[in-house]
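All remarks here apply to the structure that follows.
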Amino acid sequence: LKPWAQATPSKATKMASGGGIGGTVATAAPPDPEAETPAIITVAGRNKERENQDLQGEYHRIGLHHGRPAYRKPGTRTCIRYWSPADRWLIDREGLQESDVCNAYAEHGGKRHPAYDDLVWRVWETQHRQHIRDPEILVTSAPSSIQVIGRSPGKENWALNGEYRLVGLHQGRVAYQKEKLKHAIRYWAVGDRWLIDLDGIRDVDICNAYADARGSQHPGNPGLQWHVWDSGRSCHSLDSCLQAIVAPAVIELVGREPPKENLSMNGSYHVFSMHAGRPAYLKADGSGHAIRYWPREDRWLVDLDGLREKDVCNAYAEAGGGYDHPGDLRIVWHVWETSRGRHLTDPAVRSFVAPHCVRVSGRDPYKENSSINGDYFLVNVVEGKAAYKKESCDHVIRYWPGEDRWIIDLEAGFHGGDIANAYADAKGAETPGNSELLWHVWETSRGRHVADEDVIAEARWLPTPDWSKVPGANKRQGQTEASAHEPTDTTEARHGGG
């Protein structure tokens, strides 16, 4: 990761963590309004010990700037924008401004958006007082995470299962790694294969599992066939149940309220396997409660009797409209009610992706409103976004759409309007569990909310379950393996009560 000492001309005053860029003025190609651009892109690969490493993360498309798509990192002003006078893509923590001052840049090269792996980025380094080329950093439209699922608990190499996060490039393709573990998915150019290697990212063809890449730009393709090392046979053997997919690790389902029937459908569902060609989700409490896909009617089903090849369910939602997984707040659920003999729409039931807990810390215990510190757990959806509450009291975190803010309310709960003990401007953050948010805390002595940079709200996601310790998981995995080799049940969908 040694930077290349290459001078960069400048026509703007340098900043503490950024610098102006200059260069030959170029005429940008006219934008193609029909050209598809990714909605979400990811910056990765910057060494965590180097300046401006915090530019890494997901960026969401927010509109056009200088005729090209612009992206913002949720919870911040940091954006990726096009600068037409120099024909360059800029990463700028100061937002969409009319300036060439930036923290990183890449030559445009005729690209209609910045998420091309062959762009070479130069990042500002105060020590050198210029932008230094960093060949490790990339901006990509590849998924920020990959779920590996389907290896039976207890089988050799079942540790392959789990979530892998995008970490950078390896041999010209994106590479993924589990958080706090060596386990990695990397590309092996010589054999044009994706390798899952429990010993990490390295330049050898030794691996625990492989799949022929066949031109795929990332490994999260359910069409790839994975072969897993079998010590007994001293070779890799095809495992038709093992899949690397792009899907959320956990789906949260909330909103079914007593005294209504099927109250137990509420809860956290973890991705478990593929079922009928889509990811299937299972509770990790041994109940067997599942969310699965039913292709005959193109529907998502909540089935409290588990993963099975039947159209009977406790609730269903239409999957049409691009719902490739059931974690979308726009999905409308219809829940079985025995007294009516049919499924009825319940608008309070919502399924979505959000951290299970948000941990607020950093407020000085001797300062006013120090009780904002603590763990807040997901309980419902308020104003269209995830809402959190402490277990022992009525302290809550909720969204206030009027000012696009996340609010911590220690007094009025979910009904306090715009009154808050602390708030943070959302800036595109879909949940309050975002360490980039700047919190403002009420101080009576000053009669206003005052920014407190020590306060941090961190997302606490549920860990990947150890399915070998979940009662019944082995049996359900066996059923999944059996169904993978059988034709799909073609019985006409009835959607009866379960």
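The values are calculated or read from the model by the stated rules, or taken from the named source; none is laboratory data. Because the structure is predicted, anything quoted here is derived from the model rather than measured. Glycine also receives a Cβ, built like all others from the backbone with ideal geometry; neighbour counts cover every protein chain displayed. Surface areas here come from the heavy atoms of the whole protein model, side chains and all, with no ligands, DNA or RNA. Shrake-Rupley method; radii C 1.70, N 1.55, O 1.52, S 1.80 Å.
Below, the figures for the structure above:
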item: Segment 336-350 versus segment 364-382: alpha-carbon centroid distance in Å; result: 35 Å
item: Per residue, in Å², the accessible surface of the chain once ligands and nucleic acids are set aside, probe 1.4 Å; result: 45 Å²
item: Percent accessible area from carbon and sulfur atoms, segment 101-155, protein chains only, probe 1.4 Å; result: 41 percent
item: Cβ-placed point charges (K, R +1; D, E -1), dipole of segment 301-396 about Cα centre in debye, nearest 20; result: 200 debye
item: Cβ crowding within 10 Å averaged over residues, with 241-252, 151-162 ranked highest first; result: 241-252, 151-162
item: Size of charge dipole - segment 277-338 - debye, nearest 20, with Cβ of Lys, Arg +1 and Asp, Glu -1, no other charges; result: 120 debye
item: Nearest-10 value in Å² for the accessible area of TYR187, using the 1.4 Å probe; result: 20 Å²
item: Largest-first principal axis extents, alpha carbons of segment 384-476, Å; result: 61, 25, 24
item: Accessible area of segment 419-473 belonging to carbon and sulfur atoms, whole % at 1.4 Å probe; result: 49 percent
item: Burial order of peptide ranges 193-205, 447-459 (average beta-carbon count within 10 Å, highest first); result: 193-205, 447-459
item: Furthest towards positive pole of dipole, ASN421, SER370, TRP83, structure part the chain, Cβ charges; result: TRP83
item: With DNA, RNA and ligands ignored, accessible area of MET274 (1.4 Å probe; Å², nearest 10); result: 40 Å²
item: Cβ-based charge dipole, segment 158-305, positive-most Cα from LEU195, TRP300, ALA290; result: LEU195
item: Computed [θ] at 222 nm, deg cm²/dmol, the chain (DSSP H ≥ 4; -39,500 (n - 2.57); rounded to nearest 500); result: -500 deg cm²/dmol
item: Solvent-accessible ranking of THR464, THR76, largest area first, probe 1.4 Å; result: THR464, THR76
item: Dipole-positive endmost among ASN161, TRP400, VAL120 within the chain (Cβ charges, Cα centre); result: VAL120
item: Value of D in µm² per second that Stokes-Einstein yields for segment 80-145, Kirkwood Rh from Cα pairs, at 4 °C (1.567 mPa s); result: 105 µm²/s
item: Sequence of SER240, SER339 when ordered by accessible area, the most exposed leading, probe 1.4 angstrom; result: SER339, SER240
item: Cα centre as origin, Lys/Arg/Asp/Glu Cβ charges: the chain dipole, Debye; result: 520 debye
